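Trainee: Quick one: structure below, then a few questions.
The values are calculated or read from the model by the stated rules, or taken from the named source; none is laboratory data. What you see is a predicted model, and the numbers here were worked out from it, not measured in a lab. Glycine also receives a Cβ, built like all others from the backbone with ideal geometry; neighbour counts cover every protein chain displayed.
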Amino acid sequence: MTAVARAGSSPRWVVPSPVRHLVAVALFAAVATATVAIVDNRPDVALAGDSAAALAGELAAGALLVAAALAAQAWRPRARFTGPLAAAGIGWLLFEWNSPGAGSAFTAGLVLYAVWPPLLAQAALRGPDERPLGRGAVALLIAAYATSVGVLGLAAAAVFDPLAQGCLDCPANQLLVASDAESWHELGQLGLLLSVVWTAAFAALACGRLARFSPAGRRVVAPVLVPSAAALALFGAAAFHARERGFLSNDPTDRALWVGEMAALALVAAGVVWERARARRARSALARLVVELGASPTPGGLEGQLADALGDPSLRLLHSLGGEPGWIDSEGHAAALPSDADRVATSVVAGGRELSVLVHRRGLLDDPGFAPEIASAARLAIEHERLHASRRAQLERLRLSRARLVATADAQRRQLERDLHDGAQQRLLTLSITVRLARRKLGGGDPALERELGAAEDELGVALAELRELAHGLFPVVLSNEGLGAALEVLAERTPRLVTGALPEGRFAAPVESAAYFVVAEALRRGPNGEVAIDARREGDRLLVEVRTETQLTGEATAIEDRVGALGGALAADGHHLRAELPCGS
Amino acid sequence: MRVLIADDEVLLREGLARLLEDAGFEVAGRCGDAGALLRMVEARRPEVAVVDIRMPPHEGDDGLVAAQEIRRRHPDIGVLVLSHHLESRYAMRLIEEAPERAGYLLKERVSDIAVLADALRRVGEGECVIDPTIVSQLVARGRQRGPLDELTERERQVLALVAEGHSNGAIAKRMFLSRKTIEAHVSQIFMKLDLRDSHDQNRRVLAVLAFLRAS
C-alpha cells in the first residue's frame, strides 16, 4: 500500500538541488563581499555606516534568509517559496548598492536597491504550506515589483544624472537616457508613495489570511507570514518617512527602521526553521501512532488519531465502497471530497486500486517520505476501518431497501383496504338493496322464489361481514387515522383473548406504528389459542412492544422481522414471549 | 317521517331511498358529500339524516364529522351514521358529546329495512341506537372494571338491548319475560349507574353511554 498525491502532482522540471545550493551560496558570497567593499568605501552614505556590528547584522540577516531557504529546499524539494526567499536574502544586501562607493555595480544598485521587499512578499505569500497564489496576491506582487524595480529602479535611473544632482564622485549611470532632476524627484516621490500603499495592502492581506485559517493552519503559516509582514511594514514606514524627500537615505529614522527590518528578516528565517520543527514533531507523533494503532485499531477513531498525529484537525479519512464511485466515512455514510483550494486529497492505493483517501491541508504531506510513512504506519488500521465502513454502508443500504419494501407493502395494503370498501363492499350493498327491492315487488306472490331471494340476502350479509373482516385485517383504518394506541384497543375489542396493558399515547411515524401493530397481530396469529397479553410503551427514543402468550408461539416471524429490521429495531422471541424494540425518535 | 340521505355511492343511495320510501318514509333530500349534507340539513330540516361515514372530500371519517356538526348545530335533528367500522370508538365519538338523537349502524344493515326503519324511528324519538354487532362484541369483551361490574348478568343483557335501541316491550318479547320484569331491571340499572334524577328517555341514553364508556 502506498500514498499518492492526487492533486498538485503535475511533474515539473527541477534543477538538481546541489547545483542550486552551490549557485545560491556563491552568489550570496559574491554579493556579500561586494557589499562589504561598498560600505567600507563610503560609510557616510551607507545604512550600516561605520559600525562593524551593523554591517555584521546586515550580512547575517541576508545569510540567514539564504540558509533557511536552502534548508527548506532540502526538506521539501518541491517547495516554491524557497527561490524568492533566497533571492530576498541576497536582494537585502543590494539595499546598499546605490552608493557612490559602488563602483561598476552602481547602475545595478540604482535599479535593484529596493527589490528585496517584493521578493520577500512573494516568498511569504507562497509560504511553507505552498498555497497557490490567489488573484489578489498576484495583483499585489505585480504592483510591488512594478513599484520597486519599475518606478524606483528603472524609471528613476533613466532620468537620474548623478553629476547634475551634485554627486561628483558618483560612478557613471549606464541607464541614463535624459537628465531630468525634477522628474527624478517626482518619480522617487511616486515610487515611495506606491511602496506605502502596497506594503499596507500586504499587511491587510496577511491579516485576512490569518483570520481565515483554522488554528492549525495558523500554526503553519504565522511563523513566516507575521515577521514578513513586519519587515514589509517597516519598509513601508521608511518609504512614508522619505516620501517628501523622494529617495531613501540613511538619516537616524531611516537607520532605526532598517535595524527593525533586519531583525524581522532574521525572524522570517527562524520562522522557516520553526515550521520545519513542527513538521518533525508531527512525524514523531506519527511514529507514536504506529504503536497505538498496532495495539488496538478502533474503527472510526482513526480519523481523529491521524488528525492529532499530523496536526490537522480538519483532516478526513474517506473510503471507497467496493469499486463504486463516491466515498463513505467511517460510519458508512456518503461523503464528498472537498473542493476548496486549501485542501487536497491523498489517495491510499493498494494493488493499483484507490481504497481510501486522506483529505488534508495543502502541504501537510509534502515532506519527502512522509506519505509512505503514514501509509505503512496506518496500513492495517485504514484497511480495517475501510472494511468496517463498507460493511456498515451495505447494512444501511439493506435496511433502506427493506424499509422501502415494507412501506410499499403497507401502501398496497391500505389501497387494497380502501378498494374493498369503495368497490366490492359498496357493490354488494347495492346488490343486497336491489334484492330487497325485488323481494318487495314480489309481494309474497311466489313463496319459493321469495325463499331463494331471502337465502341470497343472507349470503350477501355473510359476504359483507367477511369482507369487512378481511379489509380490517389488511390494514386497520384506525391505525392510520388515530394511531397505535387506538388501533390496539380496537384489536382488543375485536379479539376478546387479547389483554391490553399499557398502551402508548400520541402518534409515531407510520412505519413505527404499523410495525408495532403487526407485531401484536402476528403474535395473535402465531399463538392461536389462549390469552395474549400486550404491553406497549415509549421509553426514551424507543417504542417497546412486549407480548406474552398463554400457548407456545408457532411458525416463523419473517414478516415482522422485516418490519422491525427496516426500522433498525430489534426483535426477540422465545416460546411465550415476543419483544420488539423500535427506534421512534424522541 | 322526513329523512335525508347522504352517501356518495349513487346507486346505493337511490336504492336506499326507494327502500325507505316503500317503508313509508319521506326522503327530503339526497346528497353525496359532507358540505352538501350540512347545507341541505340547514335548508330542509329533516327529522333524521342518514349519513355514510366515508364520504368526499377526504374519504376518511367526513360523514362522522359532519354528523357531529349537525348534532351541535341542530339539537332537534337526529343523525344515523352508517359505517363499515365495527369499532366502538367511532360510535363513541358520535354520541359522547350529545347522545340523544344519534345512531350508529353497520352499513350492511341497509338492506334489512326493518332494523333500519326501527333505528330511524328511535333516533327520531330522541334515543340513542348502537349496532347490535358492536354491542355484542362489547358484551363479549367486558374485561375492564367499572360501574357495570355491579350489574347482574341479566341486567347486563337488558342494558345491551337498551343500547341496541329496543323499547322495554321489545326487550320483554326477546327475553321471554314480562314487561313489568324488564321495567324492574331497567330501573335497577338506572339505580346502579346512578341515573336516578333525569327523565326516562334521557336516562336510557345515558345508560347506553355508560355502557359504551365502560366497555
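Trainee: With the condition being among the charged types (D, E, K, R), under 23 Å from residue A:566 (Cα atoms) and within 58 Å of the chain's Cα centre (by Cα), I'd like the helices (runs of 4 or more DSSP H) fully within the range A:451-530 carrying at least 2 qualifying residues.
Mentor: Correct list: A:510-526.
Trainee: Looking at A:172, A:114 in this structure, which one is among the small types (Gly, Ala, Ser), over 30 Å from residue A:70 (Cβ atoms) and at pLDDT below 95?
Mentor: After applying the criteria, what remains is A:172.
Trainee: Of all residues in the range A:488-502 being within 23 Å of residue B:59 (Cα to Cα) and more than 9 Å from chain B (Cβ to nearest Cβ), which is modelled with the lowest pLDDT?
Mentor: Residue satisfying both the conditions and the ranking: A:491.
Trainee: Which condition number does residue B:66 fail, the rest of (1) away from chain A (no Cβ under 14 Å); (2) more than 23 Å from residue B:159 (Cβ to Cβ); (3) in contact (Cβ under 8 Å) with a residue 60 or more places away in the chain; (4) surrounded by fewer than 20 Cβ atoms within 10 Å (Cβ to Cβ) being met?
Mentor: Unmet condition: (4).
Trainee: If you take the residues in the range A:139-197 that are in contact with a helix residue (DSSP H, G or I) (Cβ under 9 Å, 6 or more places away or on another chain) and polar (S, T, N, Q), which one is surrounded by the most Cβ atoms within 10 Å (Cβ to Cβ)?
Mentor: A:195
Trainee: Which of (1) surrounded by 23 or more Cβ atoms within 10 Å (Cβ to Cβ); (2) within 9 Å of another protein chain (Cβ to nearest Cβ); (3) among the β-branched types (Val, Ile, Thr) is the odd one out, the single condition residue B:135 does not satisfy?
Mentor: (2)
Trainee: Can you pull out the residues in the range A:406-450 that are part of a helix (DSSP H, G or I), free of Cβ contacts under 8 Å to residues at least 40 places away in the same chain and among the small types (Gly, Ala, Ser)?
Mentor: A:409, A:411, A:423, A:432, A:438, A:448
Trainee: Can I ask one more? Does residue B:93 satisfy the criteria of being within 11 Å of chain A (Cβ to nearest Cβ), buried (at least 16 other Cβ atoms within 10 Å of the Cβ) and touching a strand residue (DSSP E or B) at 6+ places or on another chain (Cβ under 6 Å)?
Mentor: Answer is no for this residue.
Trainee: Kindly provide the set of residues from the range B:109-126 that are at the interface with another protein chain (Cβ under 10 Å from one of its Cβ atoms) and buried (at least 24 other Cβ atoms within 10 Å of the Cβ), ordered by number.
Mentor: B:110, B:111 - these are the residues of the range B:109-126 that are at the interface with another protein chain (Cβ under 10 Å from one of its Cβ atoms) and buried (at least 24 other Cβ atoms within 10 Å of the Cβ).
Trainee: Just to check your reading of the model, which residue among B:55, B:1 is more than 9 Å from every other protein chain (Cβ to nearest Cβ), closer than 20 Å to residue B:128 by Cβ and at pLDDT below 95?
Mentor: B:1
Trainee: Considering only the range A:409-434, state which residues are surrounded by fewer than 18 Cβ atoms within 10 Å (Cβ to Cβ) and facing chain B (nearest Cβ under 7 Å).
Mentor: Matches in the range A:409-434: A:434 only.
Trainee: Check A:121, A:87, A:102 and return the single one that is assigned to a helix (DSSP H, G or I) and at pLDDT below 90.
Mentor: Just a single option satisfies the conditions, and that option is A:102.
Trainee: If you check every pair at least six apart or on different chains, which have Cβ atoms under 7 Å apart with a residue in the range B:187-215 that is of a type in the set (D, E, K, R) first and a residue that is at pLDDT 65 or above and in a loop (DSSP other than H, G, I, E, B) second?
Mentor: So the pair list comes out as B:192/B:151; B:203/B:195; B:204/B:127.
Trainee: Can you name the condition, by its number, that residue B:39 falls short on among (1) buried (at least 17 other Cβ atoms within 10 Å of the Cβ); (2) modelled with pLDDT of 90 or more?
Mentor: Residue B:39 satisfies every listed condition except (1).
Trainee: Output the residues belonging to the range A:435-483 that are more than 8 Å from every other protein chain (Cβ to nearest Cβ), of a type in the set (D, E, K, R) and within 30 Å of residue B:89 (Cα to Cα).
Mentor: A:458, A:459, A:466, A:469
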